[in-house]
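Scroll down for the structure; my scribbles are underneath it.
The values are calculated or read from the model by the stated rules, or taken from the named source; none is laboratory data. These numbers were taken from a predicted model, which means no experiment stands behind them. Virtual Cβ from ideal backbone geometry, glycine too; neighbours counted across all protein chains shown. Keep in mind that these areas ignore ligands, DNA and RNA; they rest on the heavy atoms of the full protein, side chains included. Shrake-Rupley method; radii C 1.70, N 1.55, O 1.52, S 1.80 Å.
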Amino acid sequence: MSRIGRMPIAVPAGVTVDIAENNKVTVKGPKGTLERVLPAEMDIKLEGAEILVTRPNDLKKMKSLHGLTRTLINNMVVGVTNGYEKKLEVNGVGYKVAKAGNKLTLSLGYSHPVEMVDPAGIESAVEGNIITIKGIDKEKVGQYAAEIRDKRRPEPYKGKGIKYVDETIRRKVGKTGKK
């Protein structure tokens, strides 16, 4: 049995979960509303203040979908109650970040500034060299953070670039002179 798939999802007070046909799950909470169509094979039941996900049989595909479906619903419930947040750090001489409206302007040593517009439902904030991305959809928050990081990945020699705050960069020793 899938250990994650078996666990019930607790629905906190102030959150309403609606399960329509074809497993279209709508979660409404204090921070907003999230909708997602989940695999039709899975059986999703709302029992009291808990959501239970069960699978029809023990085929390999069903086993893998079981844990995934439960985690996706749980991420939706957590998103509408607490929300998600990712922090990125910009390191490097002359690397700057600025925020104007919903536009993020990154100066990353290229000949031009890189401009990125916040996607719908996601907001970013800049404080010094730290970029904070917040939203209720875990997938969108992570994707936007990854797109910003891809503009200038951290390099292993000096550690310059954009990295997650909790990420560690494995450093390499540079060249040495001939003797």
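Of the cross-linked pairs Lys96/Lys175; Lys99/Lys151; Lys103/Lys158; Lys96/Lys138; Lys63/Lys138; Lys87/Lys140, which ones have a Cα-Cα span greater than 18 Å in the structure shown? Pairs exceeding the cut-off: Lys96/Lys175; Lys103/Lys158; Lys96/Lys138; Lys63/Lys138.
Straightening the chain between Thr26 and Gln143 buys 40.0 nm, computed as 0.36 nm per residue apart minus the Cα-Cα spacing. Karplus-derived 3J(HN,Hα) values for the range 158-168, using 6.51 cos²θ - 1.76 cosθ + 1.60 with θ = phi - 60°, are 10, x, 6, x, 10, 10, 5, 4, 8, 8, 10 Hz; glycine and proline are entered as x. Between rounded, prolate and oblate, where does the range 60-134 land on the alpha carbon gyration tensor, with a ≥ b ≥ c its root eigenvalues, rounded for a/c under 1.5, else prolate if a/b exceeds b/c? Judged from the Cα gyration tensor, the range 60-134 comes out prolate (a/c at least 1.5, a/b above b/c). The sum of -39500 (n - 2.57) across all DSSP H runs of n ≥ 4, divided by the residue count of the chain, sets its helix-only mean residue ellipticity at 222 nm to -7000 deg cm²/dmol. Per residue, the accessible area of the chain comes to 63 Å² when a 1.4 Å probe rolls over the protein heavy atoms. Coupling constants for the range 99-115 follow from the phi torsions by the Karplus curve (6.51 cos²θ - 1.76 cosθ + 1.60, θ = phi - 60°), and in residue order they are 10, 9, x, 10, 10, 9, 10, 10, 9, 10, x, 7, 6, 9, x, 9, 10 Hz; glycine and proline get x. Computing percent of Cα pairs over 21 Å apart directly from the structure and comparing it against (i) 51; (ii) 46; (iii) 60 singles out (iii). Taking the longest Cα principal axis of the chain as reference, the axis of helix 138-150 is set at about 20 degrees. Lys96 sits with roughly 130 Å² accessible to a 1.4 Å probe, with DNA, RNA and ligands left out of the calculation.
Net charge of the neighbourhood of Met7, taken over other residues with C-beta under 13 Å away and scored Lys/Arg +1, Asp/Glu -1, is +2.
What is the local net charge at Thr26, summed over the other residues whose Cβ is closer than 10 Å to its Cβ (Lys, Arg +1; Asp, Glu -1)? Could the numbers behind the result be given before it?
Numbers: positive: Lys24, Lys28, Arg36; negative: Asp18, Glu35.
Local charge sum for Thr26: +1.
For the range 1-106, which whole-number percentage of the solvent-accessible area (1.4 Å probe, protein heavy atoms only) is attributable to carbon and sulfur atoms? Of all accessible area on the range 1-106, carbon and sulfur atoms account for 52 percent. Multiplying the residue separation of Asp58 and Ala125 by 0.36 nm and removing their Cα-Cα distance gives an extension gain of 19.6 nm. Computed from Cα positions, the angle between helix 60-81 and the longest principal axis of the chain comes to roughly 70 degrees.
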